[in-house]
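J.: Sending over a structure as structure tokens; questions will come in a sec.
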Amino acid sequence: MERPNAWKTYTKKDLEKLEVLNKDYMDFLDKGKTERECVKRAIELAKESGYKDLKEIIKKDKKIKTGDKVYYSHMDKAVVFFNIGKNPIENGMNILGAHIDSPRLDIKQNPLYEDTEIAYLDTHYYGGIKKYQWVTIPLAIHGVIAKKDGSVIDIVIGEEDSDPVVFVSDLLIHLAQTQLEKKGAKVVEGEDLNVIIGNLPVKDEEKEAVKKNILKLIKEKYDFEEEDFMSAELEVVPAGRAREAGIDRSMILAYGQDDRVCAYTSLAAMLNKNKVETTSCTLLVDKEEIGSVGATGMRSKFFENILAELLDRMGEYSDLKLRRVLSNSKMLSSDVSAAFDPTYASVFEKKNAAYFSKGIVINKYTGSRGKSGSNDANAEYLGEIRRIFDKHKVAFQTAELGKVDQGGGGTIAYIMALYGMDVIDSGVAVLNMHAPHEVVSKADVYEALKAYEAFISE
């Protein structure tokens with residue numbers, strides 16, 4: 001049952017492929033710090049591989065046939081890719097599904113205020129975070145401003161070397177006696193995650209002179225007013241690029257690797273396959289970190305609707321056929337797993353933990369306590385996945401998310417399983433999960449790509 005370290009199995013050619021993949025992956029992380037940016041970059045890469053916009057195909061009343069490769073963007077925050085195979089689609093698809101949202105600070109709709117000549121933006125944190133990790137680090141602002149006239153302004157502040165960054169302040173250690181006596185969840189309160197954005201006042205102004213200067217600057221550079229914050233989606237994320245980690249450069253440290261490490265490798269696997277026997281599909285979705293809710297989350301009917309449009313373009317639509325496609329499909333829910341951390345060994349069960357550099361992680365179930373909220377895949381399907389991975393020489397391991405009563409978590413697996421399809425979680429082991437900077441092994445990124453390619457090849 002002991003799984004070998006994948007690094008020990010690589011040839012020189014493997015190592016060369018591994019480094020190319022991870023370089024491209026780091027570029028994807030840098031260009032996709034929000035779900036909108038991930039969708040935009042994924043579509044750019046797909047177009048380079050010959051994918052066509054399904055919306056345009058529908059608009060022009062064109063048909064779709066075997067060998068066609070299409071994509072459909074939903075509200076610019078979720079995207080689906082299809083590679084049409086030779087086998088009848090009602091026999092099912094091979095689906096890879098990952099989420100592209102990550103924990104962060106969202107700027108509120110009425111955020112801008114001044115206090116003692118310091119300008120702030122008020123935030124509401126998104127997803128599960130340790131709030132104290134987000135203070136004192138360099139932060140960037142990414143997102144969009146949607147104006148009343150229908151125009152949308154893209155915002156990125158803090159990523160270029162010439163850009164300023166923003167930050168959340170923390171209490172100096174000399175005055176922190178009371179603060180340090182608080183529980184970790186209360187050391188920094190949610191309402192205290194206020195982003196400092198300025199200190200320079202407008203001359204000859206007595207009231208809110210710093211705030212007025214900020215409004216003047218954003219009007220000059222981005223052409224929006226304070227009122228436009230009401231229809232904005234602005235996300236505060238760690239500033240800076242993805243970095244190689246470790247003196248041996250064996251790891252990657254970056255923001256948002258849960259779950260963009262699986263999103264990118266799923267997409268790359270899809271784009272690497274030109275022709276497939278069974279129609280393959282890659283889903284990159286939003287809102288997983290807050291329960292897969294909303295129009296762009298997996299609980300939405302958007303995927304079902306897009307699939308109906310696809311079947312219609314193939315001349316095969318019926319409600320029964322749509323149901324058959326979904327129930328006959330097989331899916332890898334491509335989501336990360338917690339890597340074993342020796343510093344915090346007490347929360348893991350060593351025999352059933354995920355380890356760095358031992359390959360892609362298969363989670364038969366996630367959930368919490370008595371498997372609450374989990375998918376709990378069938379044993380027969382797990383056996384099939386083992387066969388595929390062994391056939392294609394994929395390094396893999398099985399794991400659970402910590403000790404039974406220690407905590408837990410979930411993915412989109414149980415939602416897709418509602419269609420009656422076989423689904424199992426499989427992704428990359430991550431250290432520092434949900435922290436501003438997460439860490440993965442380059443070897444596991446490489447094995448994830450191999451695993452996803454193997455899955456859609458069958």
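J.: If ligands, DNA and RNA are left out, what is the accessible area of residue 124 with a 1.4 Å probe, given in Å² to the nearest 10?
T.: Approximately 120 Å² for this residue.
J.: Still on this model: Among DSSP bridges having both ends in the chain, what percentage is antiparallel? Round to the nearest 5.
T.: Numbers: 54 of 76 bridges.
Given both bridge residues lie in the chain, the antiparallel proportion sits at roughly 70 percent.
J.: Strictly over 22 Å apart at the Cα level, which of 358/393; 31/55; 130/287; 301/321; 60/86; 403/450 would you flag in this model?
T.: 31/55; 60/86; 403/450
J.: Can you tell me the orientation of helix 12-31 relative to the chain, as the angle in degrees between its alpha-carbon axis and the longest Cα principal axis, to the nearest 10?
T.: 40
J.: Given Cα pairs under 8 Å that are at least 6 residues apart, what percent is the relative contact order of the chain? Walk me through the numbers on the way to the answer.
T.: On the way: 975 pairs, mean separation 101.6, N = 458.
The normalised contact order for the chain reaches 22 percent.
J.: Excluding ligands and nucleic acids, what accessible area in Å² is computed for residue 229 using a 1.4 Å probe, to the nearest 10?
T.: Accessible area, nearest 10 Å²: 10 Å².
J.: Keeping the other protein chains in place, figure out the carbon and sulfur percent of the accessible area of the chain, with a 1.4 Å probe.
T.: Its accessible area is 50 percent carbon and sulfur atoms.
J.: Now, a different point. Probe of 1.4 angstrom, ligands and nucleic acids ignored: what's the accessible area per residue over the range 145-260, in square angstrom?
T.: About 64 Å² of surface per residue is accessible.
J.: Order 313, 323, most accessible first, counting only protein heavy atoms with a 1.4 angstrom probe.
T.: Solvent-accessible surface, decreasing: 323, 313.
J.: Check which residues have an amide H placed less than 5 Å from residue 119's amide H, if you skip close sequence neighbours.
T.: Those qualifying (amide H under 5 Å, at least 5 residues apart or on another chain) are 197, 198, 199.
J.: What's the FRET efficiency of residue 199 with residue 24 using the Cβ-Cβ distance as r and R₀ = 30 Å, to the nearest 0.05?
T.: In this case the efficiency is close to 0.15.
J.: From the Cα gyration tensor of the chain, with a ≥ b ≥ c the square roots of its eigenvalues, which class applies: rounded if a/c is under 1.5, or else prolate if a/b is larger than b/c, or else oblate?
T.: Taking the square roots of the gyration eigenvalues as a ≥ b ≥ c, the chain is oblate.
J.: Nothing charged except the Cβ atoms of Lys and Arg (+1) and of Asp and Glu (-1): what's the magnitude of the dipole of the chain about its Cα centre? Round to the nearest 20 debye. Provide the component values of the computation, followed by the final result.
T.: Numbers: 65 positive and 75 negative charges, 411 e Å.
Here the size comes out at about 1980 debye.
J.: Run lengths n ≥ 4 of DSSP H only: what is the helix-derived mean residue ellipticity at 222 nm for the chain, with -39500 (n - 2.57) per run over all residues, to the nearest 500?
T.: After summing the helix terms and dividing by residue count, I get -8500 deg cm²/dmol.
J.: Right, next: What angle do you read, to the nearest 10 degrees and between 0 and 90, between the alpha-carbon axis of helix 302-313 and the longest principal axis of the chain?
T.: Once rounded, the angle reads 50 degrees.
J.: Calculate one ³J(HN,Hα) per residue across the range 142-153 by plugging θ = phi - 60° into the Karplus curve 6.51 cos²θ - 1.76 cosθ + 1.60, and present them in order as whole Hz with x for glycine and proline.
T.: Taking θ as phi minus 60°, the curve returns 10, x, 9, 10, 9, 8, 5, 7, x, 6, 10, 9 Hz for the range 142-153.
J.: Further, regarding this structure: Please list the non-local residues whose amide H lies under 5 Å from the amide H of residue 232, H modeled 1.01 Å from N, same-chain partners needing a gap of 5 or more.
T.: 146
J.: How many Å² of accessible area per residue for the range 396-441, probe 1.4 Å?
T.: On a per-residue basis, the range 396-441 sits at 35 Å².
J.: Hey, another quick one. Quick one: check the C-alpha center-to-center distance for the range 1-72 versus the range 293-362, whole angstrom.
T.: 16
The values are calculated or read from the model by the stated rules, or taken from the named source; none is laboratory data. Since this is a predicted model, take the numbers as computed values, not measurements. Using ideal geometry, Cβ is built from the backbone for each residue, glycine included, and neighbour counts are taken over all protein chains shown. Remember, those area values only see protein heavy atoms, side chains included, never the ligands or the DNA or RNA. Shrake-Rupley method; radii C 1.70, N 1.55, O 1.52, S 1.80 Å.
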